[in-house]
Each structure stands twice: as structure tokens, then as C-alpha cells.
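A quick write-up on the structure given underneath.
The values are calculated or read from the model by the stated rules, or taken from the named source; none is laboratory data. Being a predicted model, the structure only gives us computed values, none of them experimental. Methodologically, a virtual Cβ is constructed for each residue, glycine included, from the backbone with ideal geometry; neighbour enumeration extends over all protein chains shown.
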Amino acid sequence: MASSDRTLLRVTGLTKRYRHVTALRDVGVGVRTGEVLGLIGPNGSGKTTLLECLAGVMPSDAGTIAVDGHAITPDERASLLFYLPDAIAPWPAETVRWALDFATGFFGSTKSTPAVRQALIRRLDLEPLLNVAMGALSKGQRKRALLAMALLMPQPMLLLDEPFEGLDLRQSRDVAALLRDHARAGRTLFLSIHQIHEAARVCDRFVLLSLGRVCGEGTLEELAALVGGRESGTLDLEQVFLALT
């Protein structure tokens, strides 16, 4: 797994409060061009809040989001980022085919050529579902349909909240391989994942989040070194996560 050392996006001092609760506290993250960056943390750690603030869905109380040292405008953010939330069920009365047509047409996707679209449909096993209403899909089926939509979007960076949620073992393996292929082609992916084994399989680097704070950022080897000790090089991602959070 290799990615560019060039930082595509830099988050500095990001803070989000809900009345008396601080969901994010002085969060700093660097996202590199063409990498798969995993956002790892327990429930309530602020993972979804961070993605929503990055995407502009939710305003932050402090902090900057910059590209090449310059804070980005809302229009620049919309052209750079596409955010796919978890547990959404859009257009329940419309078919999967309609949803893909509408989404790619609405966002003006240049990636939705017939060949690219058909390849995604095949790899995500959506052919039998194209004429099924979105509201009639199972959780895993809907997840695969929405992932296809996201991967057809024109933005160079995708924020995906829990992309493996609802998928079985074989589907998770296939989706991991698909995401890796898109990263190798130059796409940048920032994934919120609670399944640590899936994160270890697909991600180049990791951001560990606990109680709204970043506890570590880097490759598995870099994070293991933060734990210290002579055996740090033998630690797996789960052990590193537990030690640092």
C-alpha cells in the first residue's frame, strides 16, 4: 500500500461543541493525495462529527481546513470532497438504476462513463438490484448501491462513513479491494471505520480518535513506535489502538 507524501488537505485546530459537550477538541489531521486514511475510534469518539465538519454538513466552532496552505471556500470544498454518510436511505420509492442516474446527473460526474459504471455495477454485484426500489433493499444491498454512487462522483476525495457496515465477509473483502484500486488510480479516501480488521486490510495510514481528540496519526509502524517498548514492531492495529486510546 503506497500513497503520495503530498498533503492534499490539512485540518488544524478543529473544534465542535454541542452546548456543554465538546465533540471535537483541537483536532489536527493531514490527508495525503491518493491514500486510504482510516479514522478509527469507539462509538461516541467524534468520527462522524469530524467527517460532517470536513464536508461542510455541520459548522465547526473553530479550526481551519486548508489546501496548499490556504483555507478553502465552500465552493472549493464542494469541488474537492464528496461525503457519503452512514445509515441513509434516500429515494426509497425509486429504483437503484434511477438513483445512480439521478446522482451522477445531479453532481455532473465525468467519471460515469458506461464502461466505468458497468464495471462498478459488476464488482459490487448490483446487476440483480438495478430494478429494485431503494426502500426494498437490505442494509448491505443499500450500502453497495450508495458506494457505487459515491465512487462515480467527480470529486478527487471521498469521505465515507462506515463503508463496510452491513456487508458480509466476502462483500467486505471485495469492497476493500475495490477501494484500494481507486486509491491506486489516484483517488483519496478518508474512511470512518469501527471494524479494526477491515481498517488494517484497506488503509495506508490511520487517525486514532478518542473522546474528540486525536491520539495518534500515521502508519501502523509509526503508531506502534509511539507505544514504545522492544516489541512495538510486533503489535497489530488492535493492540496499538488499545494502547494509545
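All told, Val175 falls short of being out of contact with any Lys or Arg (no Cβ under 7 Å at 6 or more places or on another chain), in contact (Cβ under 8 Å) with a residue 60 or more places away in the chain and closer than 25 Å to Val57 by Cβ. For Ala177, the conditions (1) over 13 Å from the mean Cα position of the chain (by Cα); (2) over 23 Å from Thr113 (Cα atoms) all hold with the exception of (2). Pairs meeting the criteria (first residue in segment 16-27 and assigned to a strand (DSSP E or B), second residue surrounded by fewer than 16 Cβ atoms within 10 Å (Cβ to Cβ) and of a type in the set (D, E, K, R), beta carbons under 8 Å, at least 6 apart or on different chains) are Lys16/Asp61; Arg17/Asp61; Ala23/Arg17. In the condition set (1) over 23 Å from Tyr18 (Cβ atoms); (2) surrounded by fewer than 13 Cβ atoms within 10 Å (Cβ to Cβ), Ala103 is compliant with all but (2). Selection within segment 6-22: residues that are charged (D, E, K, R) and in contact with a Ser or Thr (Cβ under 7 Å, 6 or more places away or on another chain). The member of this set that is modelled with the lowest pLDDT is Arg6. Selection of segment 38-85 for residues being within 22 Å of Met149 (Cβ to Cβ) and small (Gly, Ala, Ser) yields Gly38, Ala55, Gly56, Ala78, Ser79. Summed over segment 154-211, the residues that are assigned to a loop (DSSP other than H, G, I, E, B) and among the β-branched types (Val, Ile, Thr) give a count of 0. Looking only at segment 73-80, decide whether some residue is surrounded by 14 or more Cβ atoms within 10 Å (Cβ to Cβ), aliphatic (A, V, I, L, M) and in contact with a helix residue (DSSP H, G or I) (Cβ under 8 Å, 6 or more places away or on another chain). No; the residues of segment 73-80 include none that is surrounded by 14 or more Cβ atoms within 10 Å (Cβ to Cβ), aliphatic (A, V, I, L, M) and in contact with a helix residue (DSSP H, G or I) (Cβ under 8 Å, 6 or more places away or on another chain). Considering only segment 120-127, I want to know if a residue exists there that is in a helix (DSSP H, G or I), over 21 Å from the mean Cα position of the chain (by Cα) and surrounded by fewer than 13 Cβ atoms within 10 Å (Cβ to Cβ). Looking through segment 120-127, at least one residue is in a helix (DSSP H, G or I), over 21 Å from the mean Cα position of the chain (by Cα) and surrounded by fewer than 13 Cβ atoms within 10 Å (Cβ to Cβ). Among the residues of segment 61-98, the ones that are part of a loop (DSSP other than H, G, I, E, B) and under 25 Å from Leu130 (Cβ atoms) come to 10 in all.
Within segment 35-60, the residues that satisfy the criterion of being more than 16 Å from Val207 (Cα to Cα) and either in a loop (DSSP other than H, G, I, E, B) or basic (Lys, Arg) (or both) are Gly56, Val57, Met58, Pro59, Ser60.
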